[in-house]
Amino acid sequence: MNYLMSAFTGLTIVVILIPLGSILYTAIVNGGAAVISPGFFTESPGLPCSSSSGQTCHLGGVAPAISGTLVLISLAALIAVPIGVSAAIYVVEFGRNRPLGRFISSVADVLSGVPSIVAGAFVYALFYAYAPAIAFSALSGALALSVLMIPVVARTSEEALRTVPNAMREAAVALGIAKWKSTLRIVLVTALPGVVTGVLLSVARAAGEAAPLLLTAFGNPHGFQGLNLPVEAMPLQIFVFATSPFANWKELAWGMALVLILLVLGMSVVSRLVIQRLAARLQGG
Amino acid sequence: MANTFPTPTGRLRPPARWGDRIFHALVGAGGFALVLLAVALIAVLWSGSEPTSSRYGVSFLWRTQPWNAETDAYGAAPQIIGTLVTSAIALLLAVPLSVGAAIFLTQQAPRWLRGPVAQVIELLAAVPSIVFGFWALVVLVPIMRYQIEPTLKVGLGWTGLFSSTPIGLDYLTASVVLAVMVVPTITAISRDSIAAVPRDQREGALSLGATTWEASSRVIVPYARSGIFGGVVLGLGRALGETMAVTLTIGNNNYLPVSLLSQGQTLASLIANEFTEASGKSELSALIEAGLVLLVITFLVNVVARFILHRFEVSGGNRE
């Protein structure tokens, strides 16, 4: 019985890893050729065609989607990082162990569970009520993404700030340094690796979100044309291309999926390295 | 109180300099913005759902007539059922896998294997939902349609759960994808909970002659059960809100389900599928109301999960 159950638990690991392996394998096999093709990052998608029609299929590229994603996550980060980090600073430096601080922290916790489609519906409803002309725009898309990013940035920054030893803060006070200076230039700098990790992780998540953009950024064959116009994004384009019957579009979709997977993998590796360096630095000095 | 930062208590307040005042106001504004976001979320969705919510009231939640934009008739019951059933089945599949994996990682795996395998599992959590959906469409759906579902229909058809014609896009497939997506969350929290069980519990069990499995199943896991349960509820919260993977696998059908192989719809996939073609304020407000319902459901589940986890942490894992 013991051996049976030991085998079972080992088997669960294998079962869990199978889908991951399958996703990676499928993405590489179906999208690898597209990603390394010369025009993938620079061209627009080729006209839809299916391989059975006999005409030569031009693959094209996903430049509009890539540039759209870059614009959206940059704008979303521009909105989310100041709000998230300041909320975290407030909770840890001004509200620690006090009811208001705990309340804000709980709100951030709960907000991090908001479904991505609901964030999109929220931003859409907001724009529909007050600025319907730009309801489908890069701005609304970025706002929807920032709704998802703010709680993550706030929580991870809060954790990072909490790990800074109080001795530093006390030493700053003892030296007569103003609180704003000591917080920004000592505490925050010490916690910076953790904060940056949180930001990177939330950016990686936002880069892969399709649902909120369905209701806001909406898609656009020309890439970024202005904050007030719809814009394309990789996850959106994957959704449209994946459900289309066209072989070249599906190949482009797999290429984008591979790019997203590599992006996410890269972010995980980077964040792990950053955390290791942070741990080493805090222990060393 | 030795480790608290000397914040002003009212009696020992140092003279606040203008730099500090501005700073305090600015970061306070950040905190305020966060809370404002939460309030705005509910308020905007509430008012956006206006025509529909006053039209149907609470009955929106149990009207079962299929969502029909042409006749302007809406009701969320099939989608609520879809959301709950797919998430429930996903948990049914995911929890044994996750807890088993957590036990393996904390009790049985050689030390050098634990870190890497755990990190690889967490990688699964980071894969975007749309990629899961795409993969499911291309790899999982054919397997379900041509191999797994026919087999289930033959072997378990007597239960009546598999009476529909298997086409691969249905409740079951969507649940399987959700299970895969939710496993990393439950595994990670279960792993932490089990690791937090004091060593002497395990050593005591083993010294009394228990096998590794008996020690795990009868002593350690029960000790960690509230933490594991909190992780399960958190995973539930994730599954409830999952959109893209479900949209691509559930079949986009707004009727009440007949079997696990029926095509269906969840609240999230409803919004994703209907929104881009939504005609007019009436349907839009109905969709926004569906979003509000989803928000409330996930909000409640998440609050419960965090409460359970918080209690588990606070009590140090010992509930007796």
Problem set entry | Those residues of the range A:249-276 which are more than 9 Å from chain B (Cβ to nearest Cβ) and of a type in the set (Gly, Ala, Ser), in sequence order | A:255, A:266, A:271
Exercise. Filter the range A:222-237 for residues that are in a loop (DSSP other than H, G, I, E, B) and of a type in the set (S, T, N, Q); which is modelled with the lowest pLDDT?
Worked result: A:225
Exercise. Out of all the residues in the range B:116-138, is one or more among the aromatic types (Phe, Trp, Tyr) and over 30 Å from residue A:253 (Cα atoms)?
Worked result: no
For this session: Go through the range A:6-54 and count every residue that is part of a helix (DSSP H, G or I) and at pLDDT below 85.
Result: 4
Exercise. In the range B:124-147, which residue that is at pLDDT below 90 and closer than 22 Å to residue A:234 by Cβ is surrounded by the fewest Cβ atoms within 10 Å (Cβ to Cβ)?
Worked result: B:125
Exercise. Can we say residue B:213 is without any contact (Cβ under 8 Å) to a residue 24 or more places away in the chain, in a helix (DSSP H, G or I) and buried (at least 19 other Cβ atoms within 10 Å of the Cβ)?
Worked result: yes
For this session: Considering every residue within the range B:280-288, establish whether at least one is under 23 Å from the mean Cα position of the chain (by Cα) and assigned to a helix (DSSP H, G or I).
Result: yes
Exercise. When the range B:144-168 is examined, which residues are found to be hydroxyl-bearing (Ser, Thr, Tyr) and assigned to a loop (DSSP other than H, G, I, E, B)?
Worked result: B:163, B:164, B:165
Exercise. If you scan the range A:108-126, which residues turn out to be touching a residue at least 24 places away in the same chain (Cβ under 8 Å) and over 27 Å from residue A:89 (Cα atoms)?
Worked result: A:117, A:120, A:121, A:124
Exercise. If you go through the range A:194-236, how many residues are more than 19 Å from residue A:121 (Cα to Cα), of a type in the set (Gly, Ala, Ser) and within 13 Å of chain B (Cβ to nearest Cβ)?
Worked result: 2
Exercise. Do we have any residue at all in the range A:202-221 that's within 25 Å of residue A:279 (Cα to Cα), of a type in the set (A, V, I, L, M) and in a helix (DSSP H, G or I)?
Worked result: yes
For this session: Looking at (1) surrounded by fewer than 22 Cβ atoms within 10 Å (Cβ to Cβ); (2) at the interface with another protein chain (Cβ under 10 Å from one of its Cβ atoms); (3) under 29 Å from residue B:182 (Cα atoms), find the lone condition where residue A:159 falls short.
Result: (2)
Exercise. Within the group B:180, B:117, which residue is within 14 Å of chain A (Cβ to nearest Cβ) and surrounded by fewer than 22 Cβ atoms within 10 Å (Cβ to Cβ)?
Worked result: B:117
Seminar exercise, completed: (1) under 19 Å from residue B:132 (Cβ atoms); (2) in contact with a Pro (Cβ under 9 Å, 6 or more places away or on another chain); (3) hydroxyl-bearing (Ser, Thr, Tyr) all hold for residue A:243 apart from (2)
For this session: Might you let me know whether the range B:285-308 holds any residue that is on the phi < 0 side of the Ramachandran plot, without any contact (Cβ under 8 Å) to a residue 40 or more places away in the chain and surrounded by 24 or more Cβ atoms within 10 Å (Cβ to Cβ)?
Result: yes
Exercise. Within the range A:69-111, how many residues are facing another protein chain (nearest Cβ under 8 Å), charged (D, E, K, R) and part of a helix (DSSP H, G or I)?
Worked result: 2
For this session: Counting only residues that are within 15 Å of residue B:188 (Cβ to Cβ), give me the helices (runs of 4 or more DSSP H) lying completely in the range B:68-142 with at least 3 of them.
Result: B:77-103, B:111-126
Exercise. Among the residues of the range A:36-59, is any buried (at least 22 other Cβ atoms within 10 Å of the Cβ) and either within 14 Å of another protein chain (Cβ to nearest Cβ) or over 30 Å from residue A:217 (Cα atoms) (or both)?
Worked result: no
Exercise. Can we say residue B:97 is within 22 Å of residue B:175 (Cβ to Cβ) and either modelled with pLDDT of 90 or more or surrounded by fewer than 16 Cβ atoms within 10 Å (Cβ to Cβ) (or both)?
Worked result: yes
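The values are calculated or read from the model by the stated rules, or taken from the named source; none is laboratory data. The structure displayed is predicted, hence computed values, not measured ones. All Cβ positions, even for glycine, are placed from backbone atoms using ideal geometry, and neighbour counts span all protein chains on display.
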